[in-house]
Amino acid sequence: MKRSLALLFLLFPMCLFAQKVSLLTVDQLQKRMTKGKDTVYVVNFWATWCAPCIKELPYFERFSKEHKLKPVKVLLVSLDLKSKYETGVKPFVKRMKLQSEVFLLNEKDQQAYIDKIEPSWSGAIPATLVYNAKTKKRKFLEKELSYPELLTLYKSIK
């Protein structure tokens, strides 16, 4: 009994800090980015089935940790199907121990959301949008980023 209670107390805090994955529409994303008056948003569009996306996710996590005291927010937006929310995205986020804010895009019309995010976007992923809410400057890249490229992209917009 004591051993069970000790195990429960050890595991319980882990449950409290499990990363949450929320559903998000493009309109909600745009509203979120306009709220942060002096914030730079780094929004990465990815999917659990995309090898280049998975390869670059640790760079976004590192970037987020290294800039945690600055007005910067990393938002990881999964483009997986909504039907994969419970069985694919949530377990993937837990397994990867992602600490940045994670969302699953809740949109039905792919071309409509692509055009809202960036009209020149072909829809290929990974893709990254960096938006400075203060200056209204934005840059969009449709490619896999290295960590130095991510830093350069951020510096070009801040």
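Which of the following residues is of a type in the set (A, V, I, L, M, F, W, C), farther than 21 Å from K158 by Cα and modelled with pLDDT under 95: A112, A47?
A112
Could you give every pair whose Cβ atoms fall below 7 Å, whose first residue belongs to segment 53-69 and is more than 11 Å from Y147 (Cα to Cα), and whose second residue is β-branched (V, I, T) and modelled with pLDDT of 95 or more, counting only separations of at least 6 or pairs across chains?
As it stands, the answer is C53/I125; S64/V74, since those pairs meet every condition given.
Report every pair of residues separated by at least 6 positions or lying on different chains whose Cβ atoms are under 9 Å apart, first residue within segment 133-148 and in contact (Cβ under 8 Å) with a residue 24 or more places away in the chain and of a type in the set (D, E, K, R), second in a helix (DSSP H, G or I) and surrounded by fewer than 16 Cβ atoms within 10 Å (Cβ to Cβ).
Hits for this filter: E144/P52; E144/K55.
Filter segment 123-152 for residues that are in a loop (DSSP other than H, G, I, E, B), surrounded by 14 or more Cβ atoms within 10 Å (Cβ to Cβ), modelled with pLDDT of 95 or more and aliphatic (A, V, I, L, M) and give the result.
Result: I125, L145.
Out of segment 60-90, which residues are farther than 18 Å from I157 by Cα and surrounded by 15 or more Cβ atoms within 10 Å (Cβ to Cβ)?
Applying the first criterion (farther than 18 Å from I157 by Cα) to segment 60-90 yields 61-62, 65, 76-90.
Once the filter is applied, which keeps residues that are farther than 18 Å from I157 by Cα and surrounded by 15 or more Cβ atoms within 10 Å (Cβ to Cβ), segment 60-90 yields E61, L76, V77, S78, L79, D80, K84, Y85, G88, V89, K90.
Restricting to segment 28-52, name every residue that is surrounded by fewer than 16 Cβ atoms within 10 Å (Cβ to Cβ), in contact (Cβ under 8 Å) with a residue 24 or more places away in the chain, assigned to a helix (DSSP H, G or I) and not basic (K, R).
Q30, T34, P52
Applying the selection to segment 91-122, what residues are surrounded by 18 or more Cβ atoms within 10 Å (Cβ to Cβ), under 19 Å from V21 (Cβ atoms) and without any contact (Cβ under 8 Å) to a residue 24 or more places away in the chain?
Within segment 91-122, none qualify.
Being under 19 Å from T25 (Cβ atoms), free of Cβ contacts under 8 Å to residues at least 40 places away in the same chain, out of contact with any Ser or Thr (no Cβ under 8 Å at 6 or more places or on another chain) and not in a helix (DSSP H, G or I) is the filter here; which residues of segment 70-90 pass it?
Of everything in segment 70-90, just one residue is under 19 Å from T25 (Cβ atoms), free of Cβ contacts under 8 Å to residues at least 40 places away in the same chain, out of contact with any Ser or Thr (no Cβ under 8 Å at 6 or more places or on another chain) and not in a helix (DSSP H, G or I), namely L81.
The values are calculated or read from the model by the stated rules, or taken from the named source; none is laboratory data. Just so we're clear, the structure is a prediction, and the values are computed from it rather than from any experiment. All Cβ positions, even for glycine, are placed from backbone atoms using ideal geometry, and neighbour counts span all protein chains on display.
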